[in-house]
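The values are calculated or read from the model by the stated rules, or taken from the named source; none is laboratory data. Only a predicted model underlies this, so the values are computations on that prediction, with no experimental measurement involved. Heads up, the Cβs are rebuilt from the backbone with ideal geometry, glycines too, and the neighbour counts pull from every protein chain shown. Areas reflect the complete protein model, heavy atoms only, side chains present, ligands, DNA and RNA absent. Shrake-Rupley method; radii C 1.70, N 1.55, O 1.52, S 1.80 Å.
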Amino acid sequence: MAFIQNASISNSTKLSITHMLLRSNTQSARGHVLVCTGKNDWPSRIEDDNSGDNLAADLRELVGRGGFFSDPFHNISVLNSSFPSSSAPRGRAELQTTSAYLLPSFKYVPFLPRVSFGSVEALVKGFLLPEKLHKAHDGLSPIHRDRLTRKVAYQNLLFGVRDVTDILVLICGHGGRDQRCGIYGPLLQSEFEAKLPAAGVEVVSGPVEAEGADSAALSGEASGHKSAARVGLISHIGGHKFAGNVIVYLPPGLKTDTGEVHPLAGHGIWYGRVEPKHVEGIVAETVLGGNVITDFPLAECKRFASTEGSPKVEQSESSEAKRAAKGFIRLCLALWVFVNLGALPVLSGDEWMLGKPLNSETFIPFTVISRTQVSPTSFILEVKPNSGVGMERGALSKVFYGLLFPFSSFWKAINTNTPVIRDAWDYGLWSVEIKQPQLQVARDYTPLPAPSEGQERKDIENGILRFFVRKMDGGEVSSYLSRLQVGETVELRGPHMGFDVRERLGSSDRVVFVAGGTGIAPALQTVRALAHRQARPDVAILWANRHRADCPGVAGPASQTAPRTGLPSNAMVDLLGQIRGRYGSKLNYSCVVDEEGGRIGSPHLLNAAGYSSRCKAAGWFGMTRVADGSCPNPVYVDTRDCRYHGETANSAETDRPDRQGLPSVGSGESKDSGASSCQCRDSEGRPVVGGRNLLMVSGPEGFVAAYAGPKVWGTIEHAAGKELQGPVGGMAGMLKAAFPRFWADWQVLKL
């Protein structure tokens with residue numbers, strides 16, 4: 001078959017075109033969900049669009065890899081499209097809804113309200129799950145099988161669902177993922193929009209007018225075309241590395257010019273590496289003639305068919321034979337890799353199969369996946385472990401499994417960092433070192449907790465860490481991190497465990513955290529650790545910053561000037577609010593700002609520590625005064641032999657003391673095995689449940705010294721060259737001297 005060359009691409013685009021045959025390297029999708037966004041481009045990860053508040057993100061949470069309804073034998077591909085959504089239902093113009101196409105079942109869902117996740121679940125349960133499970137699921141329990149199976153009753157929960165009657169031409173135009181698609185996609189779209197009407201197929205634009213939609217009727221006369229088509233751009237569909245991917249979906253009711261059923265009705269045809277000169281031929285042969293084109297240099301064609309049961313992908317016998325041959329070659333190559341690059345004695349079994357995880361001895365590469373600016377000088381950096389980079393054992397295992405099981409995705413999730421990071425979060429307070437590779441220096445950074453428990457589970461499964469960083473003048477590592485862009489590599493070592501705040505708090509019930517700048521990160525870690533206690537203590541965070549832009553909208557403590565209003569919130573303030581949502585009303589926080597003359601003073605510390613609730617203020621004739629004598633006498637507890645609560649022992653500790661003698665992180669052993677527990681005694685020498693209220697100070701060196709006294713460097717025996725807690729000084733030391741009764745059951749920790 002010959003094609004008429006009727007379009008060309010300007011040389012200014014400088015696209016590199018190769019005509020090698022492209023073969024899909026991803027598991028074939030059993031169905032496509034086309035989200036109608038009305039946009040022509042999206043971020044590289046479409047679920048990040050609109051700060052993560054979008055239908056694609058919701059759907060991938062349920063049916064994407066690792067989702068609640070994920071089924072490796074029923075893969076659902078969620079895509080964004082440039083098609084606009086239908087107008088909101090009549091009389092509900094204020095309701096924000098999103099529309100979606102379901103293919104190849106050829107259904108259009110006009111109204112998915114963005115205020116309820118229930119509609120998304122109804123879409124998945126009623127339309128996207130399979131009617132019958134793959135035989136591989138025969139061993140599942142009846143409850144599990146039932147969860148993964150479609151429930152027709154849920155279809156009735158979605159209003160206005162209708163059959164698709166228009167031809168759909170879908171073109172990959174995801175410039176945010178691949179610039180070539182961003183250039184080539186619109187060219188192909190314009191060409192299809194020109195050639196379809198010339199062939200008698202009307203091109204329809206604008207939203208689908210669904211039943212009950214709050215929109216005006218269309219005016220004008222019918223065009224006289226027998227068929228109608230919609231041409232749109234879609235996000236990256238997977239399985240291709242080159243531009244020019246086109247899928248033509250022909251609805252089940254489509255007829256030819258002679259009134260007969262179209263040969264490809266109910267099918268989707270995927271062509272790869274299409275050029276504008278091919279468009280007229282695709283319209284003539286596939287759209288009008290019902291033929292699948294195989295005799296010109298496009299990629300291998302796929303046919304998506306809608307059946308009574310689950311949608312399926314049709315493949316030719318020759319394709320199956322080629323797949324079998326490729327499978328044999330992959331097996332041979334995998335065995336060669338295993339034998340020639342094995343060196344099994346070098347690493348332990350887990351490390352051989354999975355790669356070396358994050359550890360406290362060596363630096364491990366991570367990739368920057370996002371960067372969020374918080375203020376002019378601070379930002380949140382999000383990183384994820386590298387996968388399959390270089391030829392380390394983890395990479396080899398991915399090659400091995402990838403060659404053996406190319407159509408499965410389980411091997412892509414190999415990630416040994418999960419147990420390490422889960423162990424660290426279970427412990428409570430921890431940090432990792434980040435290396436500046438040019439100067440070969442490293443600094444400790446404290447990972448931020450996730451805003452929700454669901455997000456935390458996902459982060460742990462994927463090894464994702466977030467850090468709050470402030471660029472400091474002359475700061476080697478912070479300046480280096482401020483220059484990193486998404487996609488670049490950063491090296492981490494750790495985790496390094498800090499104070500065991502739950503063990504040190506013990507039976508006490510109050511924590512005060514004085515945080516300077518990015519010192520808020522360990523404060524949030526502490527809150528997260530204490531959130532899992534059955535009886536949550538009262539926690540007060542006093543946060544000090546130089547500028548209001550660091551904590552917009554956060555009020556100051558009592559007697560401080562109220563903050564200026566009208567400033568937009570930032571990511572850290574939002575995270576504070578979300579963490580409070582996780583913890584509850586027993587968490588309170590405030591912010592003082594240098595440029596507003598704010599300062600955390602001794603009255604604020606006393607108030608946060610609950611002085612007024614424990615001690616009665618003395619006074620005459622309505623006058624009150626703060627006096628330690630009004631506080632009750634403390635209960636005597638002998639803490640001299642307790643590593644957690646002894647003041648002398650604490651002053652000689654480093655900031656990483658409480659994990660010593662415990663199992664290695666990620667080992668799966670209990671943190672209590674081999675650990676020395678609280679050794680507090682009462683006046684008669686009997687063991688008691690010890691504990692101290694905690695005053696914790698974190699921030700720059702001068703900030704910590706001002707509120708708790710400076711740390712000191714050890715000079716003898718095991719402490720030589722290590723930074724120690726040192727005696728309590730600063731404001732905390734003065735308060736302790738002035739109010740010995742009140743502060744008797746408090747412990748000061750410097751971070």
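Rundown of residues vs (1) open to solvent by less than 30 Å² (accessible area, probe 1.4 Å); (2) in contact with a Gly (Cβ under 7 Å, 6 or more places away or on another chain); (3) at pLDDT 85 or above, yes/no style:
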| position | (1), (2), (3) |
| --- | --- |
| 665 | no, no, no |
| 686 | no, no, no |
| 701 | no, no, yes |
| 712 | no, yes, yes |
| 726 | yes, yes, yes |
| 729 | yes, yes, yes |
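Among the residues making up the stretch 447-457, those that are touching a residue at least 60 places away in the same chain (Cβ under 8 Å) and open to solvent by 30 Å² or more (accessible area, probe 1.4 Å) are 451, 452, 453. Against the numbered list (1) under 14 Å from the mean Cα position of the chain (by Cα); (2) closer than 16 Å to residue 358 by Cα, residue 445 comes up short only at (1).
Conditions (1) crowded, with 21+ Cβ neighbours inside 10 Å; (2) modelled with pLDDT of 95 or more; (3) assigned to a loop (DSSP other than H, G, I, E, B), marked per residue:
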residue: 159; (1), (2), (3): no, no, yes
residue: 169; (1), (2), (3): yes, yes, no
residue: 181; (1), (2), (3): yes, no, no
residue: 207; (1), (2), (3): no, no, yes
residue: 211; (1), (2), (3): no, no, yes
residue: 217; (1), (2), (3): no, no, yes
residue: 221; (1), (2), (3): no, no, yes
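For every residue, the table says whether it meets (1) at pLDDT below 85; (2) assigned to a loop (DSSP other than H, G, I, E, B); (3) not aromatic (Phe, Trp, Tyr).
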{"site": "224", "(1), (2), (3)": "yes, yes, yes"}
{"site": "232", "(1), (2), (3)": "no, no, yes"}
{"site": "240", "(1), (2), (3)": "yes, yes, yes"}
{"site": "244", "(1), (2), (3)": "no, yes, yes"}
{"site": "249", "(1), (2), (3)": "no, no, no"}
{"site": "265", "(1), (2), (3)": "no, yes, yes"}
{"site": "268", "(1), (2), (3)": "no, no, yes"}
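Just so you know, in the stretch 108-121 the residues that are without any contact (Cβ under 8 Å) to a residue 40 or more places away in the chain and outside any loop (DSSP other than H, G, I, E, B) include one that is surrounded by the fewest Cβ atoms within 10 Å (Cβ to Cβ), and it is 118. Of the residues making up the stretch 461-491, just one is open to solvent by less than 20 Å² (accessible area, probe 1.4 Å), within 20 Å of residue 429 (Cα to Cα) and at pLDDT below 95, namely 463. Cβ-Cβ contacts under 7 Å between residues 6 or more apart (or on different chains), taken from a first residue in the stretch 593-614 that is more than 24 Å from residue 547 (Cβ to Cβ) to a second residue that is exposed (fewer than 15 other Cβ atoms within 10 Å of the Cβ) and among the aliphatic types (A, V, I, L, M), are listed as 607/558. Contact map, the stretch 245-257: residues that are within 14 Å of residue 232 (Cα to Cα) paired with residues that are among the β-branched types (Val, Ile, Thr) and part of a loop (DSSP other than H, G, I, E, B), Cβ distance under 6 Å, separation 6+ or inter-chain. Pairs shown: 246/274. Restricting the first member to the stretch 23-52 and to residues that are aromatic (Phe, Trp, Tyr), and the second to residues that are modelled with pLDDT under 95 and not in a loop (DSSP other than H, G, I, E, B), the beta-carbon pairs closer than 7 Å and six or more apart or on different chains are 42/49.
On the basis of being of a type in the set (A, V, I, L, M, F, W, C) and modelled with pLDDT of 90 or more, does residue 531 make the cut? Considered against the rule, which asks whether it is of a type in the set (A, V, I, L, M, F, W, C) and modelled with pLDDT of 90 or more, residue 531 comes out as no. Condition check for residue 186 on (1) surrounded by fewer than 21 Cβ atoms within 10 Å (Cβ to Cβ); (2) over 17 Å from residue 205 (Cα atoms); (3) not hydroxyl-bearing (Ser, Thr, Tyr): one failure, at (2).
Remark: pairs (first residue in the stretch 532-559, among the charged types (D, E, K, R); second residue open to solvent by 70 Å² or more (accessible area, probe 1.4 Å); Cβ separation under 7 Å; 6+ apart in sequence or on different chains) = 536/586; 538/509; 538/586; 546/594; 546/595; 548/564; 548/567; 548/595. Of the residues making up the stretch 451-477, just one is assigned to a helix (DSSP H, G or I), polar (S, T, N, Q) and out of contact with any Ser or Thr (no Cβ under 9 Å at 6 or more places or on another chain), namely 455. Answer yes if at least one residue in the stretch 94-107 is in contact with a Leu (Cβ under 8 Å, 6 or more places away or on another chain), part of a loop (DSSP other than H, G, I, E, B) and over 20 Å from residue 247 (Cβ atoms), and no otherwise. Among the residues of the stretch 94-107, not one is in contact with a Leu (Cβ under 8 Å, 6 or more places away or on another chain), part of a loop (DSSP other than H, G, I, E, B) and over 20 Å from residue 247 (Cβ atoms), which makes the answer no.
Residue-by-condition table, conditions (1) open to solvent by less than 30 Å² (accessible area, probe 1.4 Å); (2) within 21 Å of the chain's Cα centre (by Cα); (3) under 21 Å from residue 36 (Cβ atoms):
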residue	(1), (2), (3)
46	yes, yes, yes
69	yes, yes, no
79	yes, yes, yes
104	yes, no, yes
123	yes, no, yes
131	no, no, no
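Applying the condition of being more than 21 Å from residue 103 (Cα to Cα) and hydroxyl-bearing (Ser, Thr, Tyr) to the stretch 163-214 and asking which residue is nearest to the chain's Cα centre (by Cα) yields 184.
Checking each residue in the stretch 594-615 for being surrounded by 13 or more Cβ atoms within 10 Å (Cβ to Cβ) and either farther than 18 Å from residue 705 by Cα or touching an Asp or Glu at 6+ places or on another chain (Cβ under 8 Å) (or both) picks out 596, 598, 603, 606, 607, 608, 609, 610, 611, 614, 615.
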